[in-house]
1. List the residue pairs whose Cβ atoms are under 6 Å apart, where the first residue sits in the stretch 131-143 and is not assigned by TED's automatic domain parsing to the domain that holds residue 56, the second is in a loop (DSSP other than H, G, I, E, B) and surrounded by fewer than 18 Cβ atoms within 10 Å (Cβ to Cβ), and the two are 6 or more positions apart or on different chains.
2. Within the stretch 25-32, identify whether any single residue is loosely packed, with under 11 Cβ neighbours inside 10 Å, part of a helix (DSSP H, G or I), modelled with pLDDT under 85 and not assigned by TED's automatic domain parsing to the domain that holds residue 123, and answer yes or no.
3. So which residues in the stretch 82-119 are touching a residue at least 40 places away in the same chain (Cβ under 8 Å), out of contact with any helix residue (DSSP H, G or I) (no Cβ under 8 Å at 6 or more places or on another chain) and farther than 30 Å from residue 158 by Cα?
4. State all residues of the stretch 1-35 that are under 30 Å from residue 120 (Cβ atoms) and in contact (Cβ under 8 Å) with a residue 12 or more places away in the chain; if no residue qualifies, say none.
5. Identify the single condition in (1) within 21 Å of residue 139 (Cβ to Cβ); (2) assigned to a helix (DSSP H, G or I) that residue 76 does not satisfy, given that it satisfies every other one.
6. Give 106, 126 a once-over and let me know the one that is modelled with pLDDT under 90 and surrounded by 18 or more Cβ atoms within 10 Å (Cβ to Cβ).
7. State yes or no: is residue 94 part of a helix (DSSP H, G or I), under 23 Å from residue 80 (Cβ atoms) and modelled with pLDDT under 80?
8. Within the bounds of the stretch 66-81, is there any residue that is closer than 30 Å to residue 47 by Cβ, surrounded by 15 or more Cβ atoms within 10 Å (Cβ to Cβ) and without any contact (Cβ under 8 Å) to a residue 40 or more places away in the chain?
């Protein structure tokens, strides 16, 4: 529901319709998006039906943390972080996590030692896994922090300590948020 609403309201309403969608149009797009997103989720679930649910949940959280944690933590604690650093941290952490998942034993190469059956997404005999861990978080979260710091230092935009202090005060107290 969140994905369908986001597609209808943000992508359709603000990007494609320049902020002026009709209510009926937005509801119709939300319904279509709900069907598409639901169908994609069902197809993904059918494809990954034999995998351990806790393993998939761990991968989901690792990918989300790799993209979001560096931006949130550095945004709260590091005065120098700017927009370029935030974007670099989000996309760098996300790309690192997704790459490591694709080349992990979750996707290929994991075999059950008792039965010899494949415990990966791909069938037995397909093995291109070079990343040894099943969960990428140990590597991808620190990589997200490194991308954020590198993006900040490589950016031409200089930090604004006054903006940081104002935003920090608003986030902490709520004063001036209206």
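The values are calculated or read from the model by the stated rules, or taken from the named source; none is laboratory data. Model, not experiment: these values are computed from the prediction. Virtual Cβ from ideal backbone geometry, glycine too; neighbours counted across all protein chains shown.
1. From residues that are not assigned by TED's automatic domain parsing to the domain that holds residue 56, there are no pairs.
2. no
3. 119
4. 3
5. (1)
6. Going through 106, 126 in turn, the sole match is 106.
7. no
8. Checking the stretch 66-81: at least one residue is closer than 30 Å to residue 47 by Cβ, surrounded by 15 or more Cβ atoms within 10 Å (Cβ to Cβ) and without any contact (Cβ under 8 Å) to a residue 40 or more places away in the chain.
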